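Chemist: Once you've had a glance at the structure underneath, I'll fire off some questions.
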Amino acid sequence: MTINLGPNLSYILVRRSYILLTMIIVAFAASISTVLFQSVTHNRILTPSLMGFEALFILIQTMIVFFYHGTTSYWLFSLLKFIGESCLLVIFSILLYRWLFSSVHFNLNLVLMIGIVLGTLFRSTANLLQRLLDPNEFSVLQSRLFATFTRAAPELIWFSAVVVSIIGILLWRKRYLFDVLALGRNQAINLGIDYRRSVTSTLLFVSILVAISTALVGPLTFLGLMVANLAYLLSGSYQHRYSLPVAFLLAVIALIGGQLILEYGLNMAGSLSVVLEFIGGIFFIYLVLKRF
Amino acid sequence: MRSAYLYLGIGILIVLSTISLFTGISHLSLATLWSDEEMRDILLISRVPRTLALLLAGSAMSVAGLIMQLLTQNRFVEPSIAGTTQSASLGLLVVMVLAPSAPMIVKMLIASLFAMAGTLLFMLILRKIVLKSALMVPLVGIMLGGVISAITVFAAMYYDLLQSLGAWINGGDFSGVIQGRYELLWLVGGLTLFACWVADRFTVAGLGREFAINVGLNYRQVMLLGLSVIAIISGIVIVVVGALPFLGLIVPNLVSLVMGDNIRKTLPWVCLVGGGLVLLCDIIGRIIRYPFEIPASTILGVFGAMIFLCLLINQSRYAKH
């Protein structure tokens, strides 16, 4: 935050603290949502973004712009719209993934494959609709869908910060519940938990977090996967009171460190999401080769 | 009986091609076609090459997918899932940076070389996981493709070529295909015919390495041959029209669901269905937002993903019983 401070101190500090705040929010959303998602699905390779959550969000955004022409510019940045979209996302994703997890007999590879193809389907459909859009509307939309940390609107950041803090407190109070959920369906029911309801509410939190992260900076496919797995490794424990905070800290370090390297090491030559994609992809292949 | 169906298929293809010839902004009518010089030019310079390019690229990519599925013994791979297409784009970018004014043939050659290297890398990784799970193979391929395209995007951003590269990667756009820009695709057509000629060897190779060697097949040679065909087809199609997602995946699968696995029999069908599908997508893309055009690959992405999903879910049902 203090590297290369220019003369116009107050302006720069304000801008940079917004960026920093965005990063912290996104780090929180990506890491926590992934860890919870992995606990609910009992494995360490599925993540919300691999399962197409983010693509679904983009599709919903595109569809809203597509079916309500002409209102884009003011509609796009208002809070109301953000809340509406998040609700839609949550409803859709819960319906979709509940169906997926119950109807497909649980074969991890198949679910993962279906998730990836679903993601492609959502992205291509969004792409098709975007092609049908007016160029003006398209450019407004486009600017929202690329992962950058410098563009989110301040009121959106503040709103997200508040929501994320509330979710954080709620989740922290339920940390032991997640430990039980991670044991698997039968054990969890045995231990007296309303399994269906707990899973649904967990998925609800996951969807809200994904919605926030995607709305703020766009899709980041591999961040969650990397920090969650590193967190299990570093904390040496699957208990959520350790893995959740460690994953969060790792995500913050990854984002801020990555951005720092990008800006001062590589002269701003790429975008952070591309770097994360590169490292994350290799990491994923490694995980897959090691585990199967 | 079977040949009757084949004739029917060819008939449908001819109808589609005719529709493709007469779809577009400048109106063509049969009555004045040969008397009006301007109309004839439109037909010969733009419409005919476009239709031919659609057929050639569509059938070639489907055949490439089929060969890849035989060589990897896995139903869920195709050039864009195994990193081949992404490597070809990387090669294209390298040419754009080092020698922007190189002729098409050089671009194509380098893209094919990169495609080959990428596919070889995939095969090497594959050897490690080959006995584990059928769905691991495409997963690893998708991720490998992701890593390669991340490198490409990063380099493109660095050299400020993202936009011109994007036109290619997301391409599959036949609107730029006119006379003089598509002729390389005939080479692809020739390769497809060649693949039909040596089809039996691929069938045998598809039964597995041990079996193939047992019946006296030069396994390495056939592998290398297949890889080169796949790489060259992907390289040329990428350079001339851009990526065509899912095509190599769904066409061979659909055909073999109906026709079985002897590729000497299925290959003509794969060509036919592949060409027809791309043609259909292109026609839809031209009509849906008339007078503007939507690339065939975008339409293909939507339909292809849906069909693929159905295949996956059906496959799992089938496997359970």
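None of the figures in this text is laboratory data; all of them are computed from the coordinates on show. Quick caveat, the model's predicted, so the values are computed rather than measured. So basically every Cβ, Gly included, is an ideal-geometry build from the backbone, and we count neighbours across all protein chains shown.
Chemist: Could you sort the peptides B:184-194, B:223-233, A:43-53 by per-residue average Cβ neighbour count (10 Å cutoff), highest mean leading?
Modeler: Going from most to least packed, we get A:43-53, B:223-233, B:184-194.
Chemist: Could you check the simple spin-label distance between A:ALA161 and B:TYR159, using points 7 Å along Cα→Cβ, in nm with one decimal?
Modeler: The modelled label-to-label distance comes out at 4.2 nm.
Chemist: While we're here: Report the extension gain between B:ILE45 and B:VAL198 in nm, rounded to one decimal, defined as 0.36 nm multiplied by the number of residues separating them, less their alpha carbon distance.
Modeler: 51.7 nm
Chemist: Can I ask one more? Non-local amide H neighbours of B:GLY242 (under 5 Å, H modeled in plane, Pro and chain starts lacking H): which ones?
Modeler: HN-HN under 5 Å from B:GLY242: B:GLY172.
Chemist: Please work out the FRET efficiency for the pair A:LEU249 and B:LYS128, using the Cβ-Cβ distance as r and a Förster radius of 51 Å; give the result to the nearest 0.05.
Modeler: Rounded to the nearest 0.05, the efficiency is 0.95.
Chemist: Further question on the same structure: For every other residue with a beta carbon closer than 12 angstrom to the beta carbon of A:TYR242, add +1 if it is Lys or Arg and -1 if Asp or Glu, then tell me the sum.
Modeler: My count for the surroundings of A:TYR242 gives +1.
Chemist: Work out the P(r) tail for segment B:263-309: percent of alpha carbon pairs separated by more than 12 Å, whole number.
Modeler: 65
Chemist: Looking at the calculated P(r) for segment A:164-289, what percent of the C-alpha pair distances fall above 22 Å?
Modeler: 46
Chemist: Mind listing which chymotrypsin sites (Phe, Trp or Tyr not before Pro) in segment B:211-302 are in a DSSP loop and have 12 or fewer other Cβ atoms within 10 Å?
Modeler: B:PHE292
Chemist: Contour minus end-to-end for B:LEU21 and B:LEU224, with contour as 0.36 nm per residue of separation and end-to-end as the Cα-Cα distance?
Modeler: 69.3 nm
Chemist: In nm, to one decimal, how far is the modelled label at A:LEU95 from the one at A:MET63, with both set 7 Å along Cα→Cβ?
Modeler: 0.8
Chemist: Can you give me the orientation-averaged projected area of the convex hull built on the Cα atoms of segment A:169-226, in nm²?
Modeler: Orientation-averaged projected area of the Cα hull: 4.8 nm².
Chemist: Which ³J(HN,Hα) values, rounded to whole Hz and listed in residue order, are derived for segment A:35-48 from phi using the Karplus coefficients 6.51, -1.76 and 1.60 in 6.51 cos²θ - 1.76 cosθ + 1.60 with θ = phi - 60°, glycine and proline given as x?
Modeler: Per residue, the Karplus-derived 3J(HN,Hα) values read 4, 5, 4, 5, 5, 5, 8, 6, 7, 10, 10, 5, 9, x Hz.
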